[in-house]
Amino acid sequence: MSRFKSRWLRPDYVFTCATGITPEFLSREGISGVILDLDNTLTRWEDANVAPGIAEWVQALKDAGIVLVILSNGVRNKQVSVSKSLDIPLITSIMPKPLAGGFRRALHLLELPCEKVAMVGDIIFTDILGANRLGIKTILTDPLSRIDFPGTKVWRLLEVVFRLRRPYRGDASQ
């Protein structure tokens, strides 16, 4: 069993919002598949509908040939609804992130090697940690809402205490 590595907690890139991640940026980085978090990345945690601009952003990625999959620890009804509305496959289980199994299932669905895939999410201890452990590129976004699942508040506090919300390779959104 390998030892925990602090680099696993560092995102490769940081964006204010997922909609700032352009198809051109992904292409430049050699990314042709994206694993998407749901709560506070595609939707506000307290809302079952996608955030403004997300549907258009998803369509732009699809039009550019980027393949997508949603990997979520959220509420099942919301997951299914968003998956259907955006026409993106969904991977879910009781807790697929940061465990490797959910990410491996996503890679299998995308039919791409990990170096061609990026994880886009708002939580370092689930989205970024899980993807980094498998060598998937990581893109951290700011949460869409200040409202979170109660357990997520612990992760948010740890992100602040350990000053983890900073890029590893540089802030691509600037």
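The values are calculated or read from the model by the stated rules, or taken from the named source; none is laboratory data. Only a predicted model underlies this, so the values are computations on that prediction, with no experimental measurement involved. With ideal geometry, Cβ positions are generated from the backbone for all residues, glycine too; neighbour counts draw on all protein chains shown. Just the protein is used for accessible areas: all its heavy atoms, side chains included, with ligands, DNA and RNA removed. Shrake-Rupley method; radii C 1.70, N 1.55, O 1.52, S 1.80 Å.
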Task: Lys/Arg +1, Asp/Glu -1 at C-beta; the chain dipole; positive extreme among Val50, Leu36, Thr138 - done: Thr138
Task: Length-normalised contact order for segment 22-85 - Cα pairs under 8 Å, 6+ apart - percent - done: 43 percent
TODO: Order the following by accessible area, largest value first: Trp45, Trp57. Probe radius 1.4 Å; ligands, DNA and RNA are ignored.
DONE: Trp45, Trp57
Open item on the list: Which of the three applies to segment 53-114, rounded, prolate or oblate, going by the alpha-carbon gyration tensor with a ≥ b ≥ c and a/c under 1.5 meaning rounded?
Closed with: oblate
Open item on the list: Quick query: amide H of Val67 versus all other amide H atoms, modeled in the peptide plane; which residues come in under 5 Å with a sequence gap of 5 or more or a different chain?
Closed with: Gly33, Val34
Task: Most to least packed among 124-132, 105-113 [average Cβ atoms within 10 Å] - done: 124-132, 105-113
- [ ] Only Cα pairs under 8 Å and at least 6 apart count here; give the relative contact order of the chain as a rounded whole percent.
- [x] 35 percent
TODO: Send over a whole-number figure in Å² for the accessible area per residue of the chain, probe 1.4 Å.
DONE: 51 Å²
- [ ] Scan around Leu90 for amide H atoms under 5 Å from its own, H built in the peptide plane at 1.01 Å from N, and keep only partners 5 or more places away or cross-chain.
- [x] Ile70
Task: Phe25 - accessible surface, heavy atoms, 1.4 Å probe, Å² rounded to 10 - done: 10 Å²
TODO: For segment 50-92, give the percent of accessible area contributed by carbon and sulfur heavy atoms, probe 1.4 Å, rounded to a whole number.
DONE: 54 percent
Open item on the list: Starting from the Kirkwood Rh over alpha-carbon pairs, what translational D in µm² s⁻¹ does the chain have by Stokes-Einstein at 10 °C and 1.306 mPa s?
Closed with: 101 µm²/s
- [ ] Quick one: which residues, 5 or more positions from Thr138 or on another chain, have an amide H under 5 Å from its amide H? H modelled 1.01 Å from N in the peptide plane, none for Pro or chain starts.
- [x] Asp12, Tyr13, Met119
